[in-house]
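> Below is the structure I would like to discuss, written out as structure tokens.
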Amino acid sequence: MRQDARKLVGICGLYCGTCQNYLAYQENDVEQLEKISQSTNIPMEEIRCDGCLSDKLFPLCVDCRHGFRRCAGDKKVTWCFQCPDFPCQRLEDFTGVHVVDGISHHANVIEDLRDMKERGIEQWVEKQERAGRCQECGKRLYWFARKCPSCNTQVR
């Protein structure tokens, strides 16, 4: 596992490696950065992210409106699965938000957090890194991708 890969493991169980805010910045995807800027009213030059556990977060993730960052700090845990209240109502409510083109980004967070706890972070990240790439050409994909933008392979 890459040394910085732990930074891509969201407190709530999301994998930052397929997040449009993270990936558009990392790959300098100007088209996606423009879409993010338009939908959030955040200037393109302020859209920066190195992952949930990094020092450089997407502006809307800094104050996580769902409360995971604050809650984890209060409970002195890094990830929700480490909390004695896991899984909680906050996580249950979170599974139903953020659906794009019929694909839910948050639907599996509780299952993924259980998987992290069972397998360990390293194995979970490796699994997510494989799943987050086109099987044909290896291009990193946004979580909502239906086709690979590089080779046009159907991925979902």
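Each reported figure results from applying straightforward, stated rules to the coordinates on display, with no laboratory input. The structure presented is a predicted model; accordingly, all values stated were derived computationally and were not measured. All Cβ positions, even for glycine, are placed from backbone atoms using ideal geometry, and neighbour counts span all protein chains on display.
> Filter segment 109-121 for residues that are in a helix (DSSP H, G or I) and either more than 26 Å from CYS148 (Cβ to Cβ) or small (Gly, Ala, Ser) (or both) and give the result. So that I can check it myself, show each step before the final result.
The first filter runs over segment 109-121 and keeps only residues in a helix (DSSP H, G or I), leaving 109-119, 121.
Listed by number, the residues that qualify are ILE110, LEU113, ARG114, MET116, LYS117, GLU118, ARG119, ILE121.
> Search segment 30-63 for residues being out of contact with any helix residue (DSSP H, G or I) (no Cβ under 7 Å at 6 or more places or on another chain) and not in a helix (DSSP H, G or I), and hand back the single one that is farthest from CYS12 (Cα to Cα).
Among those that are out of contact with any helix residue (DSSP H, G or I) (no Cβ under 7 Å at 6 or more places or on another chain) and not in a helix (DSSP H, G or I), it is ASN41.
> Please go through segment 27-47 and pick out each residue that is surrounded by 16 or more Cβ atoms within 10 Å (Cβ to Cβ) and free of Cβ contacts under 8 Å to residues at least 24 places away in the same chain.
So the first thing to find is which residues in segment 27-47 are surrounded by 16 or more Cβ atoms within 10 Å (Cβ to Cβ), and the list is 29, 32-33, 36-37, 42, 47.
Listed by number, the residues that qualify are ASP29, LEU33, ILE36, SER37, ILE42.
> So which of GLY51, GLY96, GLY17 ends up being in contact (Cβ under 8 Å) with a residue 24 or more places away in the chain, closer than 21 Å to ARG156 by Cα and either among the aromatic types (Phe, Trp, Tyr) or in contact with a strand residue (DSSP E or B) (Cβ under 9 Å, 6 or more places away or on another chain) (or both)? Talk me through it step by step, then tell me what you get.
On the way: GLY51 fails: closer than 21 Å to ARG156 by Cα; GLY96 fails: in contact (Cβ under 8 Å) with a residue 24 or more places away in the chain.
So the residue among GLY51, GLY96, GLY17 that is in contact (Cβ under 8 Å) with a residue 24 or more places away in the chain, closer than 21 Å to ARG156 by Cα and either among the aromatic types (Phe, Trp, Tyr) or in contact with a strand residue (DSSP E or B) (Cβ under 9 Å, 6 or more places away or on another chain) (or both) is GLY17.
> Here is a follow-up. Of the residues VAL62, VAL77, which single one is out of contact with any Asp or Glu (no Cβ under 7 Å at 6 or more places or on another chain) and closer than 15 Å to LYS7 by Cβ? Reasoning before the result, please.
Working: VAL77 fails: closer than 15 Å to LYS7 by Cβ.
Exactly one residue qualifies, and that residue is VAL62.
> Taking VAL97 as the residue in question, decide whether it is in contact with a Leu (Cβ under 8 Å, 6 or more places away or on another chain) and closer than 30 Å to ASP29 by Cα. Step through it out loud before you land on a result.
On the way: in contact with a Leu (Cβ under 8 Å, 6 or more places away or on another chain): no; closer than 30 Å to ASP29 by Cα: yes.
Spelling it out, it is not the case that VAL97 is in contact with a Leu (Cβ under 8 Å, 6 or more places away or on another chain) and closer than 30 Å to ASP29 by Cα.
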